[in-house]
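Chemist: Dropping a structure here in structure tokens format, bear with me for questions.
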Amino acid sequence: MVVCLQAAQADPPPPTVQKPRPAATKGQVALERPPDLPYLPPFPQADYTMVNSRPNDRGGPGYEMIFFTPTSPPEVLNWYKGAFARNSWMIEGAPSEKYIAANRKNMCASVNVVPSWKKNYRSQVILGFKIFSKDEPEEPPKK
């Protein structure tokens, strides 16, 4: 799940579209490989086990990815912190030992990292990514 603030600015270039596999859950489309996310490079040494697209999410498309890596959890979070900084993302709140989130224009990303249960890997990473559409109507105020 991606939890982030929405900033109203220009739309980024759309991610690369790929041939879908059967849907993992209702509303999701499983992809063969991770999409090219705008302004967020792929993590090196990532072994992806799940890549789902949510093309019809309210507010705009979203992505959920799970991968394993031989990199330690602190090193993974430091890598994402640097990647966010190099690509003009704003970190949301204070990153923890397991989580970091950031936003850039009309996009947001969250990264959860835990020690891996899989042999030969040190970290399991859950990456959420969301692109907000400017065309999405605002919700009416709650009474």
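Chemist: Please go through the stretch 92-119 and pick out each residue that is within 16 Å of P41 (Cα to Cα) and aliphatic (A, V, I, L, M).
Modeler: So the first thing to find is which residues in the stretch 92-119 are within 16 Å of P41 (Cα to Cα), and the list is 100-104, 107-111.
Within the stretch 92-119, I100, A101, A102, M107, A109, V111 meet the criteria.
Chemist: Moving on. What do you reckon, is V29 in contact with a Pro (Cβ under 6 Å, 6 or more places away or on another chain) and either farther than 24 Å from P115 by Cα or aromatic (F, W, Y) (or both)? Step through it out loud before you land on a result.
Modeler: Values: in contact with a Pro (Cβ under 6 Å, 6 or more places away or on another chain): yes; either farther than 24 Å from P115 by Cα or aromatic (F, W, Y) (or both): yes.
Answer is yes for this residue.
Results for (1) out of contact with any helix residue (DSSP H, G or I) (no Cβ under 8 Å at 6 or more places or on another chain); (2) among the aromatic types (F, W, Y); (3) modelled with pLDDT of 95 or more, shown as yes or no for each residue.
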residue	(1), (2), (3)
S53	yes, no, no
M65	yes, no, no
S110	yes, no, yes
P115	no, no, yes
E139	yes, no, no
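Chemist: Hey, P41 hits all of (1) over 23 Å from S116 (Cα atoms); (2) in contact with a Lys or Arg (Cβ under 9 Å, 6 or more places away or on another chain); (3) outside any helix (DSSP H, G or I) but one; which does it fall short on?
Modeler: P41 satisfies every listed condition except (1).
Chemist: Considering the stretch 87-112 alone, what residues qualify as being free of Cβ contacts under 8 Å to residues at least 60 places away in the same chain and part of a strand (DSSP E or B)?
Modeler: So in the stretch 87-112, the residues free of Cβ contacts under 8 Å to residues at least 60 places away in the same chain come out as 87-91, 93-100, 111-112.
The answer is M90, I91, Y99, I100, V111, N112.
Chemist: Still on this structure: So which pairs qualify, if the first residue must be in the stretch 60-86 and touching a residue at least 24 places away in the same chain (Cβ under 8 Å), the second must be among the polar types (S, T, N, Q) and part of a loop (DSSP other than H, G, I, E, B), the Cβ gap must be under 7 Å, and the two must be at least 6 apart or on different chains?
Modeler: Pairs found: G60/S133; F68/S116; T69/Q45; P70/Q45; P70/N120; T71/Q45.
Chemist: Kindly provide the set of residues from the stretch 78-130 that are of a type in the set (D, E) and out of contact with any Ser or Thr (no Cβ under 9 Å at 6 or more places or on another chain), ordered by number. Steps first, please.
Modeler: First, the residues of the stretch 78-130 that are of a type in the set (D, E): 92, 97.
Residue satisfying the conditions is E97 alone.
Chemist: Okay, moving on. Do the conditions hold for G82, that is, is it at pLDDT below 95 and either exposed (fewer than 13 other Cβ atoms within 10 Å of the Cβ) or within 14 Å of F43 (Cβ to Cβ) (or both)? Steps first, answer last, please.
Modeler: Numbers: at pLDDT below 95: no; either exposed (fewer than 13 other Cβ atoms within 10 Å of the Cβ) or within 14 Å of F43 (Cβ to Cβ) (or both): yes.
No; evaluated as a whole, the condition is false for this residue.
Chemist: Collect the residues in the stretch 93-108 that are closer than 19 Å to P38 by Cα and either at pLDDT 95 or above or under 14 Å from the mean Cα position of the chain (by Cα) (or both), keeping them in residue-number order. Can you show your working first?
Modeler: Here is the first cut: in the stretch 93-108, the residues closer than 19 Å to P38 by Cα are 100-108.
Within the stretch 93-108, I100, A101, A102, N103, R104, N106, M107, C108 meet the criteria.
Chemist: Would you point out which residue out of V51, V76 is touching a Lys or Arg at 6+ places or on another chain (Cβ under 9 Å) and part of a helix (DSSP H, G or I)?
Modeler: On the way: V51 fails: part of a helix (DSSP H, G or I).
After applying the criteria, what remains is V76.
Chemist: If a residue must be of a type outside the set (V, I, T), touching a Pro at 6+ places or on another chain (Cβ under 8 Å) and more than 18 Å from M50 (Cβ to Cβ), how many such residues does the stretch 116-132 contain?
Modeler: Taking the stretch 116-132 and keeping what is of a type outside the set (V, I, T), we get 116-124, 127-130, 132.
In the following step, the residues that additionally are touching a Pro at 6+ places or on another chain (Cβ under 8 Å) were identified as 120-124, 130.
Now drop any that are not more than 18 Å from M50 (Cβ to Cβ), which leaves 120, 122.
Going through the stretch 116-132 one residue at a time, the tally reaches 2.
Results for (1) at positive phi; (2) surrounded by fewer than 18 Cβ atoms within 10 Å (Cβ to Cβ), shown as yes or no for each residue.
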| position | (1), (2) |
| --- | --- |
| L40 | no, no |
| M65 | no, no |
| S88 | yes, yes |
| A94 | no, yes |
| A101 | no, no |
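The values are calculated or read from the model by the stated rules, or taken from the named source; none is laboratory data. All figures in this text were calculated on a predicted structure; none of them were measured in a lab. A quick note on method: Cβ atoms are made from the backbone with ideal geometry, for glycine too, and the neighbour counts reach across all protein chains shown.
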